[in-house]
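One structure is given here, and the rest of the page talks about it.
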Amino acid sequence: MTPEKIKLNLEEGSLLLEYADGSRFTLTGEYLRVHSPSAEVRGHGKGQGILQSGKHGVRITHVAPSGNYALHVTFSDGHDSGIFTWDYLRDLAINYERYWQDYLSALEAAGEFREPDRQIVRLISPTQH
């Protein structure tokens, strides 16, 4: 389903999609970045996806149509190789809550974080070596 209206909010770095059925969705730059359909995110085959961490604060900086079937999105971290088809954007919008929770769970399981400069530091007392 092709959106009737697409609006880039440069201040927030988010994308507003409005559809003929009256539905409206706002997708953040971080959300779209970590779900980019590019090989950098999805890998080059089934099961080869690469978990994207440290993308909190990433914003959408530019959008452009890609033919009549998709949107080319550029992000503030320089990523610009994902082409978001209309069907994929709609899927991301409709399933936002589930996909976002799955992403947060995957980060936690991997010991990774949304924040770009956050790391786990393990302190060892002098008596433990």
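Side notes on the structure shown:
- Solvent-free Debye scattering, log10 I(q)/I(0), computed from the Cα coordinates of the chain at q = 0.12, 0.14, 0.17 Å⁻¹: -0.49, -0.64, -0.91
- Net charge dipole size for the chain [Lys, Arg +1 and Asp, Glu -1 on Cβ; Debye, nearest 20]: 180
- Largest-first ellipsoid semi-axes for the stretch 1-53, taking √(5λ) over the Cα gyration tensor eigenvalues, angstrom: 26, 14, 7
- Between HIS56 and GLU115, full extension at 0.36 nm per residue minus the direct alpha carbon distance yields a gain of 20.7 nm.
- Summary of packing: across the peptides 10-20, 27-37, the per-residue average of other C-beta atoms within 10 Å ranks them, highest first, as 27-37, 10-20.
- Modelled FRET efficiency - R0 25 Å, VAL63 with LEU104, Cβ distances, 0.05 increments: 0.50
- Given charges at Cβ of Lys, Arg, Asp, Glu: the stretch 22-92 dipole, positive-most of ALA39, THR74, GLY57: GLY57
- When each of the peptides 43-49, 104-110, 89-95, 60-66 is scored by the mean number of other C-beta atoms lying within 10 Å of its residues, the order from highest to lowest reads 89-95, 60-66, 104-110, 43-49.
- Cross-link reach list, aspartates and glutamates versus LYS55, counting only Cα pairs under 12 Å and skipping chain neighbours closer than eight places: GLU30, ASP77, GLU112, GLU115, ASP117
- Label point distance in nm, ASN9-SER38, each placed 7 Å from Cα along Cα→Cβ: 2.4
All of the numbers you see were taken from the coordinates with simple rules; none came from a lab. Predicted, not measured: the structure shown is a model, and the values here were computed from it. Backbone-built Cβ (ideal geometry, glycine too); neighbour counts: all protein chains shown.
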